[in-house]
């Protein structure tokens, strides 16, 4: 498990402070030369403090304090408020949010009393970021700030507000965040604010990064770094380097991940930003943990932990404890792991963060399971499951339930009694939890859990001597584990073609006792003939026969290997894999994704034998496959009783949306016809479509699969989940592409899980 820290750099209205070092040096020289303590001196101090925010915030606090004292002596309320604003900004830049909020409240009271509208808008903007856990408060303050800046026609202020909207919306929706960042970028470029434009490019890159659009992320981050390194925009660079580190972590390119984290660490040290320094240290430690270099991992984690504890930055401390616990766990130092997990749990309660609390209980439950202390494991995992269910953290929830199943299955009679489970009901209780998992699994990302649960159920029913159900769940386990198309495939992804070539050469070696390549086969034949005259004609015939037999066998194996590859992968991807031994993930910007899901699957399955159920699934999916081929749509996979396909890749298709709607209509009619023929022995169906961009590539080494990722896929799944029996539910983006060709019924804005309200449409025909 990775515990990568995404450092939340608080961006306030001081974004223009990313000025060149030369400007700061000039002001510092002027400040030293001008010794008279008057209004001019006060203005210089505030300018210096403002610039220091994202260059040297530790020094910026000292400068702001000098300005506050001077403003108080001069009784200049406007500049006093400005000084408090600058001090608050510098404190926020060091992630000292509580202190920042207290100082900014003073600025707020002054600006209200003197009716300083611009200063008031500025303070509202700064206050919006002093409480990182209160988004509603932040949005309210930002709207107040935006209203004032618009009245004043202050483009810089408006751009800063849009930027901060984007920074907040990152937590809930990357597309929304990107919209606000792009609005701010337009305004920054209008006013020729290169520094803020450079910073904003980096944040746009971040939204693409977290949307798994890695090529786009790389494009924007490179643009950002080019600007920010040239103008020595340290605060922005710190953020860029952090994003680069995470990007290369996701890609598994650890040398570059380390390089950028070290760059970020050096910038943090230069700025005196100890909180960010701790974040980079912990991320480096996590990288070494991934590499199983536990000595280096522990060294960096402990350094980051020491800083975060000293500064009472509890979220970073929690992550450090979690990673240290994983180190101890890997080294089977279970008591030490429990100690740091317990410390992390205490911090999670202090943070009042239920997700972190659940994570603590989950990890401690896992340790107790390894220690075979099943009662303690059961109690901790139960607490984690209850919280994750409440928070709708479905993946974590089903993971907890699966662990509970295994705990119950392995518990002794005495332990079961302690758990308040009757020993004679041991298997039935485990089955009960396992069935809860199947009811809870809704998305494709949980397929591994579904497969594992099917296996557990098969074993549990076998223990109950219910061989019929045991066989049924074993068959389901096979279906979900391997999928219909790649059940036979157990070979390595990168070596499929290479293995064939290797086997071919090995067969020739065994037959001819020579280390020859296949192109030398004619020479080998001559040698066989020559040896035949020496050792006897019969021996020659034997060798020739064996050679021909093996050559035919090799050809068949090659054809079989090629066909298997084409069954699993698009032809372009298969060819790339055969040529290079690997295939790169690619982004496709214009595709339409189709999701289907059968209704009343459980009800139908109860009426059919295991073999009848598998046969019916096969018949339905075979029909879907034929429809996909007809419209040039790429089938991606089946997920239990769900079906995923996409049009517009690997080759672009201008009619991707139109073709998928046609296909969806045919699928709907196909299932309606089966329903009329088979009645209750087949399924109803829901269909959902969405258009946009996806990333496609190969995942896995064994039992590998070609898959697609991105927000477009997630939204398509939500379209299916919010559809109705026998209906085709499409998103607004798909509707805009097909509205002139199909009659569509607007359903209104419907709440979609983790997406908020989305516009949806039913396709009539």
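With 318, 334 as the choices, which residue is modelled with pLDDT under 95 and over 26 Å from the mean Cα position of the chain (by Cα)?
334
Restricting the stretch 741-763 to residues that are part of a loop (DSSP other than H, G, I, E, B) and farther than 21 Å from residue 633 by Cα, which is farthest from the chain's Cα centre (by Cα)?
Checked the stretch 741-763; the qualifying residue farthest from the chain's Cα centre (by Cα) is 743.
Residue by residue through the stretch 462-472, note down the ones that are farther than 19 Å from residue 607 by Cα and crowded, with 16+ Cβ neighbours inside 10 Å.
Correct list: 462 only.
So which residues in the stretch 365-389 are in contact with a helix residue (DSSP H, G or I) (Cβ under 8 Å, 6 or more places away or on another chain) and over 16 Å from residue 406 (Cβ atoms)?
If the condition is that a residue be in contact with a helix residue (DSSP H, G or I) (Cβ under 8 Å, 6 or more places away or on another chain) and over 16 Å from residue 406 (Cβ atoms), then 383, 387, 388, 389 are the ones that fit.
From the list 687, 730, 708, 667, which one is more than 22 Å from residue 764 (Cβ to Cβ), in contact with a strand residue (DSSP E or B) (Cβ under 7 Å, 6 or more places away or on another chain) and either in a strand (DSSP E or B) or assigned by TED's automatic domain parsing to the domain that holds residue 616 (or both)?
Exactly one of 687, 730, 708, 667 is more than 22 Å from residue 764 (Cβ to Cβ), in contact with a strand residue (DSSP E or B) (Cβ under 7 Å, 6 or more places away or on another chain) and either in a strand (DSSP E or B) or assigned by TED's automatic domain parsing to the domain that holds residue 616 (or both), namely 708.
Could you tell me whether any residue of the stretch 404-414 is more than 20 Å from residue 461 (Cα to Cα) and either at pLDDT 90 or above or part of a helix (DSSP H, G or I) (or both)?
yes
Could you please give the count of residues in the stretch 51-67 that are farther than 24 Å from residue 199 by Cβ and either surrounded by fewer than 24 Cβ atoms within 10 Å (Cβ to Cβ) or under 42 Å from the mean Cα position of the chain (by Cα) (or both)?
3
Can you pull out every residue in the stretch 723-739 that is under 24 Å from residue 694 (Cβ atoms) and more than 23 Å from the chain's Cα centre (by Cα)?
Those that are under 24 Å from residue 694 (Cβ atoms) and more than 23 Å from the chain's Cα centre (by Cα): 723, 727, 728, 729, 730, 732, 734, 735, 736, 737, 738, 739.
Here are some residues: 462, 501. Which one is over 36 Å from the mean Cα position of the chain (by Cα) and at pLDDT 85 or above?
Testing whether each residue is over 36 Å from the mean Cα position of the chain (by Cα) and at pLDDT 85 or above leaves just 462.
Yes/no per residue for (1) surrounded by 19 or more Cβ atoms within 10 Å (Cβ to Cβ); (2) farther than 26 Å from residue 419 by Cα:
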| position | (1), (2) |
| --- | --- |
| 317 | yes, yes |
| 336 | no, no |
| 346 | no, no |
| 356 | yes, no |
| 369 | yes, no |
| 379 | no, no |
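Please state which of the following conditions residue 721 fails to meet, knowing it meets all the rest: (1) under 24 Å from residue 174 (Cβ atoms); (2) modelled with pLDDT of 85 or more; (3) surrounded by 17 or more Cβ atoms within 10 Å (Cβ to Cβ).
Among (1) under 24 Å from residue 174 (Cβ atoms); (2) modelled with pLDDT of 85 or more; (3) surrounded by 17 or more Cβ atoms within 10 Å (Cβ to Cβ), the lone unmet condition for residue 721 is (3).
Mind checking whether some residue in the stretch 22-40 is in the same structural domain as residue 90 (by TED's automatic domain parsing), assigned to a helix (DSSP H, G or I), modelled with pLDDT of 85 or more and touching a helix residue (DSSP H, G or I) at 6+ places or on another chain (Cβ under 8 Å)?
yes
Quick check on the stretch 100-109. Is at least one of its residues within 17 Å of residue 36 (Cα to Cα), assigned to a helix (DSSP H, G or I) and free of Cβ contacts under 8 Å to residues at least 12 places away in the same chain?
no
Checking residue 257 against (1) in contact with a helix residue (DSSP H, G or I) (Cβ under 6 Å, 6 or more places away or on another chain); (2) surrounded by 23 or more Cβ atoms within 10 Å (Cβ to Cβ); (3) within 19 Å of residue 305 (Cα to Cα): exactly one of these is not met. Which one?
All conditions are met except number (3).
If you go through the stretch 359-401, how many residues are closer than 19 Å to residue 426 by Cβ and part of a loop (DSSP other than H, G, I, E, B)?
The total comes to 2.
Can you name the number of the only condition in (1) farther than 19 Å from residue 129 by Cβ; (2) touching a helix residue (DSSP H, G or I) at 6+ places or on another chain (Cβ under 7 Å); (3) surrounded by fewer than 21 Cβ atoms within 10 Å (Cβ to Cβ) that residue 46 fails?
It is condition (3) that residue 46 fails.
Go through the residues of the stretch 201-223 one by one and say whether even a single one is touching a strand residue (DSSP E or B) at 6+ places or on another chain (Cβ under 6 Å) and either outside the structural domain of residue 260 (by TED's automatic domain parsing) or part of a helix (DSSP H, G or I) (or both).
Yes, there is a match, as at least one residue in the stretch 201-223 is touching a strand residue (DSSP E or B) at 6+ places or on another chain (Cβ under 6 Å) and either outside the structural domain of residue 260 (by TED's automatic domain parsing) or part of a helix (DSSP H, G or I) (or both).
Pick out the one residue from 658, 612 that is outside the structural domain of residue 450 (by TED's automatic domain parsing), surrounded by fewer than 20 Cβ atoms within 10 Å (Cβ to Cβ) and either under 30 Å from residue 436 (Cβ atoms) or modelled with pLDDT under 90 (or both).
Only one candidate passes the filter, namely 612.
Could you go through the stretch 437-455 and let me know if any residue there is touching a residue at least 12 places away in the same chain (Cβ under 8 Å), surrounded by fewer than 19 Cβ atoms within 10 Å (Cβ to Cβ) and over 25 Å from residue 638 (Cβ atoms).
Looking through the stretch 437-455, none of the residues is touching a residue at least 12 places away in the same chain (Cβ under 8 Å), surrounded by fewer than 19 Cβ atoms within 10 Å (Cβ to Cβ) and over 25 Å from residue 638 (Cβ atoms).
If you scan the stretch 183-195, which residues turn out to be part of a helix (DSSP H, G or I) and out of contact with any helix residue (DSSP H, G or I) (no Cβ under 7 Å at 6 or more places or on another chain)?
Hit for the stretch 183-195 is 186, nothing else.
Run residue 677 past the list (1) assigned to a helix (DSSP H, G or I); (2) buried (at least 21 other Cβ atoms within 10 Å of the Cβ) and report the number of the one that doesn't hold.
Condition (2) is where residue 677 drops out.
Only residues that are in a loop (DSSP other than H, G, I, E, B) and either touching a residue at least 60 places away in the same chain (Cβ under 8 Å) or at negative phi (or both): list them for the stretch 630-664, please.
631, 633, 640, 641, 648, 649, 650, 651, 652, 653, 654, 655
For the stretch 648-670, name all the residues that are touching a helix residue (DSSP H, G or I) at 6+ places or on another chain (Cβ under 7 Å) and within 23 Å of residue 724 (Cα to Cα).
657, 658, 661, 663, 666, 667, 670 - these are the residues of the stretch 648-670 that are touching a helix residue (DSSP H, G or I) at 6+ places or on another chain (Cβ under 7 Å) and within 23 Å of residue 724 (Cα to Cα).
The values are calculated or read from the model by the stated rules, or taken from the named source; none is laboratory data. Everything numeric in this text was worked out from a predicted model, so none of it was measured. Note that we place each Cβ from the backbone using ideal geometry, even for glycine, and neighbour counts take in every protein chain shown.
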